Amino acid sequence: MGKYEPIKSPDASTIFPYHELTPPTIDDLRHAHSVVQEHLPRTPLVRSEWLSHELDAEVYLKREDVSPIGAFKVRGGVYLVSQLDDEFREPGLIAASTGNHGQSIAYAGREFEVPVVICVPDDANPGKVASMERLGAEVLHQGDDFDEAREHAEHLASEEGYRYVHSANEPHLIAGVGTAGLEVIEDRPEVDVLFSPVGGGSSASGYCLSVGELTDAEIIGVQSSAAPGMHQAWRDGTLEPYPTMETFAEGLATRVPFALTVDILREYLDDFVLVDDTDLKSALRGMLEHEHILIEGASASAVAGALAMTDELTGKTVVMPTSGRNLSIENLKSLFE
Ligand SMILES: *Cc1c(COP(=O)(O)O)cnc(C)c1O
């Protein structure tokens, strides 16, 4: 495998022709916003007294954790399924997920009455699995990690004709997720810096194409150093899978970088920092102790990234999403060991 060439050689995870690699436009995001507003409550942008004090800055949390399903991803699922081609309503949708992407597609499938199958790794967060099932999805456990579950979902999609919903190479998903950024601009147009977690890169891509495009703000991605596949792809311009993936934050747990989001992040992201899992845990504890907000590991990356750059943020207006709240009891306990 050589260097990444957009269009000509998409990543190995994109095997269906409907996985388009053209980034959504600002008009796509605006259209997505009109759909998302009809189906989901708007999330508040709330000042964090703790982080404002720690960073000597004006810090606001985009409270995506209060969304239905407890994560921002539901925005993308709702928009993608609202635009689904009729030919896919039967047999429906399939996705691979460590939890929140699956809940998002399950929620949207219920909303638009389309059947949903989700493939999860064997050790998936049990709370996330229970939620997918409550939303009416069929959940299949398959493989040791996200990428193995993904390969199984791809296989089933080609056998059974499901619409395979990729977790990143989906312009509609990114447009839906980007609606959070449009709301940030409406509420705080003076934003200087926005930190986004990076797993598969849809969240950061959404902020790049909204806040990054329409304001002068810097967009900074944050990923766990224990799962740095997207960071490597962004830095080196390669779509080479990373050999290991060991983060406890399942929302960031992918080895394989994705072509569309790597493309967008390489073009628009201002900086990309890595934080250790111990920093994620200490950010989680800080949010719980000082803000009394329970977020999950993936979500803590934005907080940890900002805390690692304290000196550069003085006096600025800083926004970070609390991207999700679906922390397992097991991981919650591990914070205090
Ligand atoms: C998926 C997820 C992320 C990472 O988002 P990507 O779009 O995959 O980069 C961050 N936080 C939470 C809570 C998530 O579910």
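The values are calculated or read from the model by the stated rules, or taken from the named source; none is laboratory data. Only a predicted model underlies this, so the values are computations on that prediction, with no experimental measurement involved. A quick note on method: Cβ atoms are made from the backbone with ideal geometry, for glycine too, and the neighbour counts reach across all protein chains shown. Heavy atoms of the whole protein, side chains included, go into the accessibility calculation; ligands, DNA and RNA do not. Shrake-Rupley method; radii C 1.70, N 1.55, O 1.52, S 1.80 Å.
Things worth noting here:
- Carbon-plus-sulfur accessible fraction, region 74-167 (probe radius 1.4 Å, protein heavy atoms only): 38%.
- Between Glu148 and Tyr268, the simple spin-label model (points 7 angstrom out along Cα→Cβ) gives 3.5 nm.
- Heavy-atom accessible surface of region 31-73: percent carbon and sulfur, 1.4 Å: 51 percent
- Each Lys and Arg contributes +1 and each Asp and Glu -1, all at the Cβ; summed about the Cα centre of the chain, the dipole is approximately 460 debye.
- With contacts taken as Cα pairs under 8 Å at a separation of at least 6 residues, the chain carries a relative contact order of 22 percent.
- Total lysine pairs under 24 Å (Cα atoms) in the chain, excluding pairs fewer than 8 apart on one chain: 9
- Computed about the Cα centre, the dipole magnitude for region 273-337 is approximately 200 debye when only Lys and Arg (+1) and Asp and Glu (-1) carry charge, each at its Cβ.
- Solvent exposure of the chain as accessible area per residue, Å², 1.4 Å probe: 39 Å²
- Per-residue extension of 0.36 nm, minus the Cα-Cα distance of Thr244 and Leu214, leaves a gain of 7.2 nm for this segment.
- The helix-only estimate of mean residue ellipticity at 222 nm for the chain, built from DSSP H runs of length n ≥ 4 each weighted as -39500 (n - 2.57), is -12000 deg cm²/dmol after division by the residue total.
- Fully extending the segment from Glu38 to Ser334, taken as 0.36 nm per residue of separation minus the present Cα-Cα distance, adds 102.7 nm.
- For the pair Glu190 and Arg285, label points projected 7 Å from Cα toward Cβ lie 3.5 nm apart.
- In a fully extended conformation the segment linking Thr314 and His292 would gain 5.5 nm over its present Cα-Cα distance, using 0.36 nm per residue.
- Normalised contact order of region 55-161, rounded percent, pairs of Cα under 8 Å and 6 or more residues apart: 24 percent
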